[in-house]
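The values are calculated or read from the model by the stated rules, or taken from the named source; none is laboratory data. Keep in mind that what you see is a predicted model, and the values were worked out from it rather than measured. Don't worry about glycine lacking a Cβ; one is built from the backbone with ideal geometry, like all the others, and counts go over all protein chains shown.
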Amino acid sequence: MRAPGIALLVLALAPGAAAAAPLGAALDHLAALQDPVTGAIGAGAPRGPAATDTAWAALAVAGAGEHPAAWRREGATLADAVAASGGRSLAEVERLAVAAAAAGLDPRDLGGRDLVAEVLARQGPDGAIGGRTALTAWGIFALRAGGLPPGAAPVRRAAAALIAAQGPDGGWAWRRGAGAGDVTDTASAVQALAAAGLRRRGAAMLAARRFLIAAQRPDGGFAAAGGGAADVPATAWAAMAVRALGERADAPPWSRGGGPLARLAALQGADGALGAGALPAWVTAQAGLALAGARLPVRPPAALTRRDPAPRVLGREPAGGDRVGVALIVRFSDGPGAGVDPARVRVLLGGADLTAQARITPFSLQLPAAAVPPGPVEVTLTLADRAGNGRVSRWTVVGPPAG
């Protein structure tokens, strides 16, 4: 049990091949939000507000080549949290079905529910599911995640409904006839059509490709609305659509300004979160999917592994920007790896090396609050295991008042 007032920051090392820096940092941020008991991502139980974050995190984890069933702090795994999640609206059911498959679960029998049947029950005579572009696209993801092949009649009918809803500009609006297309709905439709087996060089896909090329900003990112600044969700969705088109997001014609992946990296905070402000975990998870080169739907890897051997953040208390209490405490683990080497652990605050003032073991680091400078200060933590795998994590805390 945590002592009152103690600031607790938890990190872990995980086995496997190292992830690229922006992707690894995004996964660290998600792992930092995992509840130690329920396995959910975000505060509280897996139901309610955390259910969305949990589902998206499972997608990002699987898309990055790690298994949600291997994501565990103390109690339940991330896969367990997905299984415990509920969902009533069509959007929640579709997302849960796709996340369940990504977590190695059966969407046709999740807690006694057949999520695929629930989606099929909402398919209209015209093949559309739920009447909106995103709902029809996610319906296709859910049907494919539930085992229906691309040639299955419900999948083909939903794809035909999407094609019929495509606008004259090559994009998709939030629903048929709602005006000009937008990046996010167009990107979801492109991924859904790819999942439905549509040819990448077919008329609908080529028109969508032209729409996305025209929508890309000079800085490489994409905006949710025309003329706006690049934002994380639109840029992430566009990058996934590029992948669904069979192209690289860092190659022409998508490489202007460095491309969407470079723009996502530029929008990433020091704590691994993506985008400005206090964005929910699902936004970082969307970016993680894009950074991993994935597209929806995703499947889990065959092995129950976490591929990154470097330190993984499993919790931040205080959260980034919050005040340190009695002490700054860090717990870490190398899982089944070679073990953390205390001699290689370093902690810097505001650029000053305070490692000598910290008490370090193979499992923890504790720095007294008196050593933390007053006001906002950047923490730089370096962890390494005995095999030489390491990671540098940075975040900001607020030190105790002077005097």
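Observations on the model:
- Test: ALA234 is surrounded by fewer than 20 Cβ atoms within 10 Å (Cβ to Cβ), of a type in the set (A, V, I, L, M, F, W, C) and under 21 Å from TRP282 (Cα atoms): no
- Among residues of region 202-227, those that are outside any helix (DSSP H, G or I) and out of contact with any helix residue (DSSP H, G or I) (no Cβ under 9 Å at 6 or more places or on another chain), counted: 1
- Any chance GLY131 is within 27 Å of the chain's Cα centre (by Cα), surrounded by fewer than 19 Cβ atoms within 10 Å (Cβ to Cβ), on the phi > 0 side of the Ramachandran plot and of a type outside the set (Phe, Trp, Tyr): yes
- Condition check for VAL190: closer than 19 Å to ALA102 by Cβ and either in contact with a Lys or Arg (Cβ under 8 Å, 6 or more places away or on another chain) or free of Cβ contacts under 8 Å to residues at least 60 places away in the same chain (or both): no
- The helices (runs of 4 or more DSSP H) falling completely within region 39-131 that include 3 or more residues that are assigned by TED's automatic domain parsing to the domain that holds MET240 and more than 23 Å from LEU274 (Cα to Cα) map to 78-84, 90-102, 115-120.
- In region 154-166 there is no residue matching the filter, namely being modelled with pLDDT of 95 or more, touching a Leu at 6+ places or on another chain (Cβ under 7 Å), farther than 30 Å from ALA215 by Cα and assigned to a loop (DSSP other than H, G, I, E, B).
- Selection of first residues in region 132-146 that are in the same structural domain as ALA189 (by TED's automatic domain parsing) and farther than 12 Å from ALA99 by Cα and of second residues that are modelled with pLDDT under 95 and of a type in the set (D, E, K, R), restricted to Cβ pairs under 8 Å at least 6 apart or on distinct chains, gives the following pairs, ordered by first then second residue: ARG132/ARG175; THR133/ARG175; THR133/ARG176.
- Test result for GLY388, farther than 20 Å from PRO318 by Cβ and either surrounded by 14 or more Cβ atoms within 10 Å (Cβ to Cβ) or modelled with pLDDT of 90 or more (or both): no
- Criterion (modelled with pLDDT of 95 or more, out of contact with any strand residue (DSSP E or B) (no Cβ under 6 Å at 6 or more places or on another chain) and small (Gly, Ala, Ser)) met by exactly one of GLY197, GLY228, GLY179, GLY272: GLY197
- Among the residues of region 283-340, those that are among the polar types (S, T, N, Q) and either at pLDDT below 65 or not in a helix (DSSP H, G or I) (or both) comprise THR305, SER333.
- When the residues of region 170-201 are filtered to those that are part of a loop (DSSP other than H, G, I, E, B) and of a type in the set (A, V, I, L, M, F, W, C), the one that is nearest to GLY131 (Cα to Cα) is TRP174.
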